[in-house]
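The values are calculated or read from the model by the stated rules, or taken from the named source; none is laboratory data. Model, not experiment: these values are computed from the prediction. Cβ placement follows ideal geometry from the backbone for every residue including glycine, while neighbour counts extend to all protein chains displayed. Note: areas computed on protein heavy atoms with side chains; ligands, DNA, RNA excluded. Shrake-Rupley method; radii C 1.70, N 1.55, O 1.52, S 1.80 Å.
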Amino acid sequence: MANLVYKRVSTDQQSTDRQNLVLAEAGIEDPVVFEEQAGTSSRLHPLQRPKFGELLTYARPGDTVHISEMFRLVRGTGHILDVLDVLHRDHLALRIHDGAFSAMDLTARHPRTGELLSTVKFKVQTLAAAGELQRDLQRELTYDGLRAAEAKGNKGGRRPAVTAAKAIAVRAAYLGGQSIAALARDHRVSRGAIRTAVADLMPEHATVARRTPRPRSCRSSSTCRARSPISSARPTWSPPNAPCSTRA
């Protein structure tokens, strides 16, 4: 009987510290950990996530799947029921160690039909709907807060990987001839973050800044086919090397 631990975070700016604390307090013996890569989309169905797929492949009947809270594994009501059906099919137990689902027995099924008990299904659907409502409200409040901050002149969004203090050194090193790849390795950030910090110093930026629009000219030295903007009359043809003209 193996103890299979599943962990996941929604963005690469988050960590599993809270999940680690909850799971450590649970006292799981000899855990086999499956942790999704940081930033795995929450909208992706749990059964399509790489590490959870590995967990199901590794599992054997009688094993127990441990998660810190239900929404680390699933997000919507339909996803919860799908996962419970797969765990029941593979004869796997599920233990949730924190949150509203931690006090529920999600494995209770009808002794004759083998289907999830209607009372359990009702509780699962109700709690999942409440969780979705909470997330939607948080998203709306976050959006309203960002709009209020923008109205005051504050810029929202993700913090830059290269801070203002580091940007001075990065820009100086770039002007000194150090490559973007070397700067990314030295500061342990992506190349895109370095390019953002030195965007106005890059050659292509200077080329674009010096670029001026060309004056409009005739397509050919011998003919001009421009139509007058104030008339739909057919244009007059000009002889070679004659100036462009149109009939008013």
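Overview of values
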| quantity | calculated |
| --- | --- |
| Partners for Lys7 among lysines (Cα-Cα distance below 26 Å; same-chain residues under 8 apart left out) | Lys51, Lys121, Lys123 |
| Separation of the Arg195 and Arg89 label points, Cα + 7 Å toward Cβ, nm | 4.3 |
| Inter-probe distance in nm under a simple model that places probes 7 Å from Cα toward Cβ, at Asp144 and Leu44 | 3.3 |
| Local electrostatic count, Gln19, Cβ distance below 14 Å [Lys/Arg +1, Asp/Glu -1] | 0 |
| Added length on full extension, which subtracts the Cα-Cα distance from 0.36 nm per residue, Ala165 to Ala182 | 4.3 nm |
| Accessible area in the full protein assembly, largest first, 1.4 Å probe, for Met70, Met1 | Met1, Met70 |
| J(HN,Hα) series, the stretch 162-167, from Karplus relation 6.51 cos²θ - 1.76 cosθ + 1.60, nearest Hz, glycine and proline x | 9, 5, 4, 5, 6, 4 |
| Relative contact order for the stretch 1-78, counting Cα pairs under 8 Å that sit 6 or more residues apart, in percent | 47 |
| Whole-number percent relative contact order across the stretch 30-116, with pairs defined as alpha carbons under 8 Å at least 6 apart | 27 |
| Residue-count net charge about Ala181 - beta-carbon cut-off 15 Å; Lys, Arg +1, Asp, Glu -1 | +3 |
| Where the stretch 34-83 is the region considered: accessible area per residue in Å², 1.4 Å probe | 45 |
